[in-house]
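The values are calculated or read from the model by the stated rules, or taken from the named source; none is laboratory data. Please read these numbers as outputs of a predicted model, since none were measured by experiment. Heads up, the Cβs are rebuilt from the backbone with ideal geometry, glycines too, and the neighbour counts pull from every protein chain shown. Ligands, DNA and RNA are stripped out before the accessible areas are found, and what is left, the full protein with its side chains, is counted by its heavy atoms. Shrake-Rupley method; radii C 1.70, N 1.55, O 1.52, S 1.80 Å.
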Amino acid sequence: MALFDPTPEAQTSDYTPAVWPEPVRLVPRKPLDPLGTVLIPPAERQPAVAAPAPFPFPFPPPVDATAAPLPPPSPVAAAAPRRRLALPRGGEARRRQLVERIRTPLRICHRIAVVGGGGAGVAAVLGGVLAEHRADGVIVLDPSGPGAGDVRNGRLLLRSLPAGSDYRGALAEAVGQFPVVLTDATGAPELASAADQVLICEPASADGARDASAHLDRLGPAAVLLFTPAPPGQRAVPGAQLVSHFTPRCRAALTLATPASLRPRDRHGYLEAAALIGDTMAGRHPA
């Protein structure tokens, strides 16, 4: 049922498909990227072609085969040696290896004793080297010190014990407070029997070699032998000769500088001695 339209145009015209408006053709839009700009299809992109750069200088003239060849280089220039780049000889790598051995972790207190006539001040220097490279505290007991008193330097504590003190009691107290205990047993040789490792330090002289041999006979081959320069008035023996002679009889033999005249370049020997101490620390467990 058609609805009645009262307008005269509706009554006189018939709205048929023949008079419908022409449809509008839809043109597809180009895709957009997330920022809203029109993306260029790959087919429409024009490859960028760089213009050839002008030659910076004119071409060389053609080679004349009839021209005389160039003269050979002079003998002096041909024989000149090439300069080589100077590289380190592994000194820093060797130092890092020694420091890693010094930093051996501890599971129980470690006691070191330094005995011998040439060990005055050696324990204090070794204690400083250990405290410099380790993370735990180090104490050095000096029974031959000038008097009672403590001197602290970072993780290092130097404790002087006057003559007649209870050395055994002082050692037991230090063991309960510090992981690493060094004892300068030059004035108290009885403390060497309570140590976990012993360093024998003697002067590089004929008398020092004789005393070092006697110490090795008493302490055994596990000791470390250190030689300091011979004092005035004693017949000196070359350190290399002493090291080669005593190395088969002990764990290691080294030459050290005198602590009183220690220079920065002389600290390498003490670094090696501290590394030997670190080697003995490995694998120690509580009893």
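Check 198, 114 and return the single one that is within 30 Å of residue 245 (Cα to Cα) and touching a Cys at 6+ places or on another chain (Cβ under 7 Å). Break it down stepwise before answering.
Details: 198 fails: touching a Cys at 6+ places or on another chain (Cβ under 7 Å).
On inspection, the qualifying residue turns out to be 114.
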Inside region 218-276, can you point out the residues that are hydroxyl-bearing (Ser, Thr, Tyr) and within 24 Å of the chain's Cα centre (by Cα)? 270
Tell me whether region 112-129 contains one or more residues that are farther than 22 Å from residue 255 by Cβ, open to solvent by less than 30 Å² (accessible area, probe 1.4 Å) and either of a type outside the set (Lys, Arg) or touching a helix residue (DSSP H, G or I) at 6+ places or on another chain (Cβ under 7 Å) (or both). no
Only one of these is assigned to a strand (DSSP E or B) and more than 21 Å from residue 139 (Cα to Cα): 240, 222, 214, 253. Name it. 253
